[in-house]
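Asker: One structure follows; several queries about it will come next.
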Amino acid sequence: MAFFDLETPENNETDKLVWLGHLSPDSDTIGSAIGAAELFGGEARRAGELNKETAFVVDYCGVEVPKMISKVEGQKVGLVDFNQKTQLHKDVDNKDIVAIIDHHAIQDQPITFNTAMSVDIRPWGSAATILADRFEKMGKDMTPTTACMLLAGILSDTLIFESPTTCPFDKPFAEKLAKIAGIEDLYDFGQKMMEAKSDLADVSTYDVLKGDFKHYEINGKKVGFGVAETLLPEQLLDRKADLLAEMKGEKAKQGLDFIFFAIVDTKTKNSHLVIYSDAEAELAAKAYGEATAEQLMYLPGMMSRKSQLMPAVQATLSA
């Protein structure tokens with residue numbers, strides 16, 4: 001493995017280095033890949049198609065959409081915004097990975113290595129916040145477009161500082177990034193992002209389900225959990241039958257033991273969990289202590305898959 005250390009970037013070998021996020025690339029994943037490439041060298045890549053919000057952000061910030069990852073002999077890969085095997089693109093081998101920058105817990109089949117690895121994992125609201133901190137501490141200036149992308153990553157993952165995953169560092173760095181990017185009203189930018197994410201009328205039900213979908217393995221049980229954050233929850237609730245049909249197919253195709261889909265209402269800060277079958281209903285009842293009605297479970301005050309929705313499932317399956 002080529003030498004790579006996040007703390008001494010001047011010594012790193014950056015030939016054939018790419019930065020990559022998880023399989024359902026969102027604004028934090030794409031922004032962090034772009035930021036890491038500018039800070040440490042190399043190029044940003046993506047592992048899947050952009051969702052509507054991230055497509056809006058890329059256009060708004062004026063950056064090129066990163067190319068799809070592909071197998072390259074001798075490639076070196078820095079991972080951003082994830083650390084799980086289940087979210088790693090098939091064209092990346094463990095031996096390709098040289099660093100990880102992330103803000104998620106190490107659990108559910110983490111990527112492991114035979115040698116020591118340069119890793120920066122912090123309990124912050126976004127990987128983009130960590131990158132912004134590294135730019136500052138290293139005394140490196142970033143381009144306005146990169147500042148715009150990192151800002152979008154913070155706003156997206158913290159739901160404009162309303163998510164329970166928001167930490168004390170997110171807002172101060174967002175304000176600094178907005179100044180560099182020349183964005184006068186970061187809240188207006190965040191609102192435009194949410195509006196872009198919310199309008200899913202012309203998006204296929206399968207793409208809605210898979211737009212932000214993650215896989216987990218807990219005590220030998222495979223769980224798939226999709227999320228859609230929207231200002232227009234009724235638009236998706238009206239498609240419940242279609243969502244259930246797609247969940248049936250995805251559960252079988254992926255060999256999942258459980259599949260869930262949460263419609264997160266970013267206006268009221270509540271969620272509607274779509275319950276596929278009796279197995280999901282039983283697990284959800286134990287995890288959340290709520291009742292299922294017409295294959296839906298209302299979860300007041302729950303917005304975050306990372307800090308609220310999945311931990312309850314994990315605790316239940318681990319008991």
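The values are calculated or read from the model by the stated rules, or taken from the named source; none is laboratory data. Nothing here was measured: the structure is a model prediction, and the numbers come from that model. Cβ: placed from backbone, ideal geometry, glycine included. Neighbour counts: every protein chain shown.
Asker: Quick one: Ser304 ticks every box in (1) closer than 22 Å to Ala241 by Cβ; (2) surrounded by 14 or more Cβ atoms within 10 Å (Cβ to Cβ) except a single one, so which number is it?
Answerer: Answer for Ser304: the failing condition is (1).
Asker: Give region 181-218 a look and list any residue that's of a type in the set (S, T, N, Q) and free of Cβ contacts under 8 Å to residues at least 60 places away in the same chain, or say none.
Answerer: Correct list: Gln191, Ser204, Thr205.
Asker: What is the number of the single condition among (1) among the aliphatic types (A, V, I, L, M); (2) under 20 Å from His215 (Cα atoms); (3) at pLDDT 95 or above that Ile111 does not meet?
Answerer: If we test Ile111 against (1) among the aliphatic types (A, V, I, L, M); (2) under 20 Å from His215 (Cα atoms); (3) at pLDDT 95 or above, just (3) comes out false.
Asker: Of all residues in region 76-91, how many are buried (at least 21 other Cβ atoms within 10 Å of the Cβ) and over 19 Å from Phe3 (Cβ atoms)?
Answerer: Qualifying residue count for the region: 7.
Asker: Here is a further query. Restricting region 104-155 to residues that are among the aromatic types (Phe, Trp, Tyr) and in a loop (DSSP other than H, G, I, E, B), which is surrounded by the most Cβ atoms within 10 Å (Cβ to Cβ)?
Answerer: Taking the candidates together, the pick is Trp124.
Asker: Same structure, new question: Right, Ile111: in contact with a Gly (Cβ under 8 Å, 6 or more places away or on another chain) and either among the basic types (Lys, Arg) or free of Cβ contacts under 8 Å to residues at least 60 places away in the same chain (or both) or not?
Answerer: When the stated conditions are applied, Ile111 does not pass them.
Asker: Filter region 13-35 for residues that are over 30 Å from Asp199 (Cβ atoms) and either surrounded by 21 or more Cβ atoms within 10 Å (Cβ to Cβ) or of a type in the set (Ser, Thr, Tyr) (or both) and give the result.
Answerer: Matches in region 13-35: Thr14, Leu17, Val18.
Asker: Please specify each residue of region 59-103 satisfying the condition of being touching a residue at least 60 places away in the same chain (Cβ under 8 Å) and part of a helix (DSSP H, G or I).
Answerer: Result: Tyr60, Cys61, Thr86, Gln87, Lys95.
Asker: Pick out the one residue from Lys76, Lys52, Lys67 that is touching a Lys or Arg at 6+ places or on another chain (Cβ under 8 Å), more than 25 Å from Ser204 (Cβ to Cβ) and in the same structural domain as Ala99 (by TED's automatic domain parsing).
Answerer: On inspection, the qualifying residue turns out to be Lys76.
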